[in-house]
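Encoded as structure tokens, the structure appears first; notes follow it.
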Amino acid sequence: MIGEEQISLSASAFVSDAIFFMKRNNIRRIVVRDGDKIYGVFSVDEALHHILDNTTDVRLVDAKKKKPIIEESLDLKRIVKRMVEENSDFVLVGNKIITEKSVVSMFDWKDVKERVSDISNEGVTLPPYTKLFTAIEIMIKRGIRHLIIADKKPIGILSSRDIVFSYGQVSLSTEISNFIQPSLVSVPCYLEVREAVNLMLSRNVGTIILLTLQLNCLP
């Protein structure tokens, strides 16, 4: 069955409660509701804003939230269509939440022949001595969830989840070098998308680094 059971919190809970709850359950999104009424979806994206603004004492009913995108069918094509139309990375279906990761894991990639270089985006790179608040500002301004930490060459990936899940343990003046994880995954740019998807799912990572120095990466 596609998707996962929705995990929700009351709209009267605080942003700090939501952050703790997401970390404890290792999830990126929480449905904000009271009974059958859905107020929206609170994710690590909104948490970043509140951490930077020092407003984690705000109740979820008043916090930044994504509007709930609700579908009635678990049909994969309909779900993807709604995601594209609404520019959303999730859809709510019944008591399920369908995310981009859900869609990627369910899609049949065997006939996709594109290379990762055909669909990749240029990453934003920061030196390891960059302060955390600067990294958050860049993520929010660019609308991205991952930054490359590099010291002449890439040494790690900083994700919005890393930051949010570290809330209360580090200050905003902490250098991002403290967030370097041994999960940096790099692939040659000629790798086919289907192979990259399998790698990301098996390694449980949300982004990969492309090595673009090979001559056979040229168009």
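The values are calculated or read from the model by the stated rules, or taken from the named source; none is laboratory data. Since we're looking at a predicted model, the values are computed, not measured. Glycine gets a Cβ as well: all are built from the backbone with ideal geometry, and neighbour counts include every protein chain shown. Just so you know, the surface numbers come from the protein's heavy atoms only, side chains and all, with ligands and any DNA or RNA stripped out. Shrake-Rupley method; radii C 1.70, N 1.55, O 1.52, S 1.80 Å.
Tabulated results
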{"quantity": "One residue from Ile38, Ile30 being touching a Leu at 6+ places or on another chain (Cβ under 8 Å), open to solvent by 40 Å² or more (accessible area, probe 1.4 Å) and part of a strand (DSSP E or B)", "calculated": "Ile38"}
{"quantity": "Single match in Asp89, Asp17, Asp75 (criterion: buried (at least 19 other Cβ atoms within 10 Å of the Cβ) and among the acidic types (Asp, Glu))", "calculated": "Asp89"}
{"quantity": "Members of region 8-24 found to be of a type in the set (A, V, I, L, M, F, W, C) and either in a helix (DSSP H, G or I) or over 11 Å from Asp57 (Cα atoms) (or both), listed by number", "calculated": "Leu9, Ala11, Val15, Ala18, Ile19, Phe20, Phe21, Met22"}
{"quantity": "Residue in region 41-54 that is over 26 Å from Gln169 (Cβ atoms) and either touching a residue at least 24 places away in the same chain (Cβ under 8 Å) or open to solvent by 30 Å² or more (accessible area, probe 1.4 Å) (or both) present", "calculated": "no"}
{"quantity": "Region 65-84 residues that are among the aromatic types (Phe, Trp, Tyr), paired with ones that are in a strand (DSSP E or B) (beta carbon under 6 Å, 6 or more apart)", "calculated": "none"}
{"quantity": "Odd one out for Val80 among (1) open to solvent by 40 Å² or more (accessible area, probe 1.4 Å); (2) hydrophobic (A, V, I, L, M, F, W, C); (3) within 16 Å of Ser160 (Cα to Cα)", "calculated": "(3)"}
{"quantity": "Failed item in (1) modelled with pLDDT of 85 or more; (2) open to solvent by 20 Å² or more (accessible area, probe 1.4 Å), with Ile98 passing the rest", "calculated": "(2)"}
{"quantity": "Residue, surrounded by the fewest Cβ atoms within 10 Å (Cβ to Cβ), within region 131-170, restricted to residues that are of a type in the set (Gly, Ala, Ser) and within 22 Å of Phe42 (Cα to Cα)", "calculated": "Gly143"}
{"quantity": "Close pairs (7 angstrom Cβ cut-off, 6 or more residues apart or separate chains): farther than 13 Å from Asp118 by Cα and open to solvent by less than 20 Å² (accessible area, probe 1.4 Å) in region 178-197, part of a helix (DSSP H, G or I) and of a type in the set (Val, Ile, Thr) anywhere", "calculated": "Val187/Val116; Val197/Val104"}
{"quantity": "Answer residue from region 109-130, given it is of a type in the set (A, V, I, L, M) and under 18 Å from the mean Cα position of the chain (by Cα) and is least open to solvent (accessible area, probe 1.4 Å) among those", "calculated": "Val124"}
{"quantity": "Candidate set from region 172-195 (those that are closer than 20 Å to Arg161 by Cβ and in a helix (DSSP H, G or I)); member that is modelled with the lowest pLDDT", "calculated": "Phe179"}
